[in-house]
Structures are given as C-alpha cells and as structure tokens.
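Heads up, the thing below is written out as structure tokens.
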Amino acid sequence: MAQGMSMRTLAPLADLKQPFLSQLERGVSSPSMLSLYKLAKALGVAPGDLLPDEPVTPGAVVFRSGEGHPIHSVDGAVSSAGRLLFTDADHELEISEFDILPEQNNSEWFDHIAEAATYVMTGELRVEVENGGEWVLGRRDVIFCRAGSRSRWTALDPAGTSLLHVIARRRER
C-alpha cells in the first residue's frame, strides 16, 4: 500500500500467486524465507521490513531461545525450520537461524538485496553464488555475499547443519 501497488501488480513481480499474497495480508498464511526474499526484492526492502516490529527496549533487545518469528526456508512440505530475529526498521541488522537436514535441501536461489553473511555453527554447508563460485563451509566458517548477488545452500552433514544468516538492512540516511 505504501508504494501504491496492488497485490495483482506485486504478485508477478515477486513470482508469487495473488491468492497467496491475499492470505499473507489477512494473516491466514505465514511466508517462508524464500517468499519474504521474493517480496522484499520486488518492493525494494529488507525481508524483516515485511514483518511486525518487536517491542523495543532502550539500549538493547534480547531474544531468548524460541523467540522471534518462526520461519521456513521455502513453501512446501520439504523445508527447514528456523526463526527470524530483528527488532525494528531503525536497526541495521537482521538475523535468521536455521537447522537444515539434508532431506530438507532445495534448489531455490535467494536474491540478496543487501550485504549478507552466513555463519555455519555446526555441520557442513555447500554455498553456491550465481556467477561467483561454490564453497563447502564447515563449523565456524563464514561467507559474505554482496548486495545484488544470488545464492543457495545445501546441507551436506547427515546429522544436519545449523547456521546463522545475517543481513545488513538498508537504511535511509
């Protein structure tokens, strides 16, 4: 609405179905990380900008285990579960946490509208950056992706891979 765009106009720009956007708007469905990335790219905002702000405490914001916005990597039955951690539009960082089992891998590309970093906490992760290369990351390895790049992850460890994904959100100055 803020951009004067109808759902009918937004749907093809985000490569999503208009009925799904209607469900999101009414709170009937929750978006996956992939859907958030697609919507954010189409609207030119960070994924967290599309979710409600967390209560703000002066000086610091604490997220306890289990808090944050539950999120899935993609729409559908085969998806890893995680949580998106961010505070409000005034903060420059957005963090998501995922635990991925090999059977939850998908081949979807994620568009980075801002600088991003992925830190592997446990397991092994293959990261492909479109037109940029492919790396296998292990425990405590990190990869930085430039704004405008596209990447996808594949969990390689049979026991699963845990990671943190950090986005440097765009701010108006």
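No value in this document is a laboratory result; all are computed from the given coordinates. Every value quoted in this text rests on a predicted model; they were computed, and no experiment measured them. We place every Cβ from the backbone using ideal geometry, glycine too, and count neighbours over all the protein chains shown.
Given R0 = 25 Å, the distance between the Cβ atoms of R126 and L164 translates into a calculated FRET efficiency of 0.90.
Using the Cβ of S29 as centre and a radius below 15 Å, the other residues enclosed give a net charge of +1, where K and R count +1 and D and E count -1. Note: the range 3-51, Cα convex hull, 70 Å³ per residue.
Maximal additional length on extending the R8-V142 stretch stands at 44.4 nm, based on 0.36 nm per residue less the C-alpha distance.
What residue among R126, R139, R26 has the largest mean-square fluctuation in a Gaussian network model of the chain, using Cα springs under 10 Å? Looking only at R126, R139, R26, the biggest GNM fluctuation is shown by R26.
Across the range 45-51, computed HN-Hα scalar couplings (Karplus, 6.51 cos²θ - 1.76 cosθ + 1.60, θ = phi - 60°) run 10, 7, x, x, 5, 8, 10 Hz from first to last residue, x flagging Gly and Pro. Using a 10 angstrom cutoff on alpha carbons, build the Gaussian network for the chain and name the most mobile of L39, L16, L84. Result for the chain, Cα springs under 10 Å: L16 fluctuates most. Please list log₁₀ I(q)/I(0) at q = 0.20, 0.21 Å⁻¹ for the range 116-173, using the Debye equation with identical point scatterers on the alpha-carbon positions. Per q value, in the given order, log10 I(q)/I(0) is -0.71, -0.76. Along the range 28-43 the Karplus relation, 6.51 cos²θ - 1.76 cosθ + 1.60 evaluated at θ = phi - 60°, assigns HN-Hα couplings of 7, 10, 10, x, 7, 4, 4, 4, 4, 4, 5, 5, 4, 4, 4, 9 Hz to successive residues, with x for each Gly and Pro. Would you look at the GNM of the chain, springs on alpha carbons closer than 10 Å, and say which of F110, F86, F63 moves the most? Looking only at F110, F86, F63, the largest GNM fluctuation is found for F63. Backbone phi angles across the range 134-151, fed through the Karplus curve with coefficients 6.51, -1.76 and 1.60 (θ = phi - 60°), yield HN-Hα couplings of 9, 9, 9, 9, x, 3, 6, 7, 9, 10, 9, 10, 6, 4, x, 8, 10, 9 Hz in residue order; Gly and Pro are listed as x.
Start at zero, step by 5 Å, and the Cα-Cα distances of the chain spread as 1, 8, 16, 21, 21, 17, 10, 4, 1, 0 percent across the bins. Computed over the alpha-carbon atoms, the range 65-137 gives an Rg to Rh ratio of 0.95, Rh here being the Kirkwood radius from the mean inverse distance. Sorting 153-162, 64-73 by average packing, meaning the other beta carbons within 10 Å per residue, from highest down gives 153-162, 64-73.
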